[in-house]
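A short worksheet on the structure shown next.
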Amino acid sequence: MASPRPANDADRRMQQARRVHTRGRQLERTGKYPDALALFQQALALAEPVRGHDDPYVAEVNFDLAGNALERLDDYASRALYERAIGVFDKAWGPSHPYPAMARSRLAQLDERAGQPQKAEAGIREVLPVLERALGPTHPWYLQTLVTFASLRKGAGDLEQAEQITRKALAAVEATSQTGTLLHAIILNDLADSLRTEKNITAAEPVFRQSLAIGEAIVGADSLFVATALQNLGILARERKDYHAALASYGRALSIRERILGPDDGQPDGILLGEANEFVEFVRFEGNIDALDGGASVSGGAEHRV
């Protein structure tokens, strides 16, 4: 029996690449996206010279870099990285494999952000059955894709179907011990927003607050998800004419966004819509929040984008 050969430099580089890659994924699960980015970049720098850019493992690292860019709202980089990874995955495993299917799901999300909902929905409808067959109807990737599908149906004005899809995803999370996760928080946020849209404010508020509590526990108080949840609570407070509560929620949300992305991040208002800033600036201009009770209005609405 031949004795195992000693590890060479290429072996050691790949071992190190996998270690830092795994650590990056762990950091992402707690919302530490900049820290995870540095580790993903390190993993790519270690693995690509050994394996080459057409290697499936290298494509997995690019897939994770793409997801990281998506979370940081760098949509241009995210799209390029997903497309690069898909080219490798399709060649190595075929389009019915979960990795290329999920990458296409994320491209659909980017299409939605870019204002191409019809293209996005066509992509989602194509990959949903692929992911369900490959992973099952309770896998997080399938459920994340359902979340995007619900968002698209809501954007198309089909509020009833959007809520049905969201409740289906929530039931799967609750039945499979995935509660308390960021996915759970996102689904709760979307359900609460559907209830708010239906003017069921009494039912919406506790669901929004549950989503916020889970999000803060996982990713911390300074995160774009928490900013989104606060934005939605601000909308809710404004709609019930509790303008002091609305100002507090909006102000905190805008402060978080500015700390993370800067005062002028140049991004479309997909995470925090402009109405929050409009509301805060109106109050500052008036110098008296009670002036809003005299009939002044702030137009617009907002919804969370996953």
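The values are calculated or read from the model by the stated rules, or taken from the named source; none is laboratory data. Predicted model, so just to flag it, every value in this text is computed and none were measured. As a convention, Cβ positions derive from the backbone with ideal geometry for all residues, glycine included, and neighbour counts pool all protein chains shown.
Please determine whether any residue of segment 33-41 is out of contact with any Leu (no Cβ under 7 Å at 6 or more places or on another chain) and charged (D, E, K, R). Checking segment 33-41: not a single residue is out of contact with any Leu (no Cβ under 7 Å at 6 or more places or on another chain) and charged (D, E, K, R). Summed over segment 240-261, residues that are in contact (Cβ under 8 Å) with a residue 12 or more places away in the chain, loosely packed, with under 15 Cβ neighbours inside 10 Å and either closer than 15 Å to E205 by Cα or charged (D, E, K, R) (or both) total 3.
Within the bounds of segment 293-306, is there any residue that is part of a helix (DSSP H, G or I) and at pLDDT below 55? Within segment 293-306, one or more residues are part of a helix (DSSP H, G or I) and at pLDDT below 55. Looking at segment 190-200, is at least one residue in contact with a Ser or Thr (Cβ under 7 Å, 6 or more places away or on another chain), within 23 Å of R29 (Cβ to Cβ) and in a loop (DSSP other than H, G, I, E, B)? No: segment 190-200 contains no residue that is in contact with a Ser or Thr (Cβ under 7 Å, 6 or more places away or on another chain), within 23 Å of R29 (Cβ to Cβ) and in a loop (DSSP other than H, G, I, E, B). Scanning segment 226-282 for residues that are modelled with pLDDT of 55 or more, in a loop (DSSP other than H, G, I, E, B) and within 24 Å of L110 (Cβ to Cβ) yields a count of 2.
I'm trying to understand the selection: among the residues of segment 26-55, which are surrounded by fewer than 16 Cβ atoms within 10 Å (Cβ to Cβ), in contact (Cβ under 8 Å) with a residue 24 or more places away in the chain and part of a helix (DSSP H, G or I)? Listed by number, the residues that qualify are P34, Q41, P49. Under the condition of being farther than 20 Å from W93 by Cα and within 24 Å of the chain's Cα centre (by Cα), the residues counted in segment 31-62 number 14.
Of the residues making up segment 197-218, those that are closer than 19 Å to A150 by Cβ and either among the β-branched types (V, I, T) or touching a strand residue (DSSP E or B) at 6+ places or on another chain (Cβ under 6 Å) (or both) are T197, V207, I214.
The condition of being among the charged types (D, E, K, R) and touching an Asp or Glu at 6+ places or on another chain (Cβ under 6 Å) holds for only one of K119, K154, that being K119. Just one of (1) surrounded by fewer than 20 Cβ atoms within 10 Å (Cβ to Cβ); (2) in contact (Cβ under 8 Å) with a residue 12 or more places away in the chain; (3) touching a helix residue (DSSP H, G or I) at 6+ places or on another chain (Cβ under 9 Å) fails for I186. It is (1). Here is the figure for segment 199-209: residues that are crowded, with 17+ Cβ neighbours inside 10 Å and free of Cβ contacts under 8 Å to residues at least 24 places away in the same chain total 1. Among the residues of segment 169-184, just one is within 17 Å of the chain's Cα centre (by Cα), among the small types (G, A, S) and outside any helix (DSSP H, G or I), namely G180.
Residues in segment 112-126 that are surrounded by 14 or more Cβ atoms within 10 Å (Cβ to Cβ) and touching a Pro at 6+ places or on another chain (Cβ under 9 Å) were compared, and the one that is nearest to Q161 (Cα to Cα) is R113.
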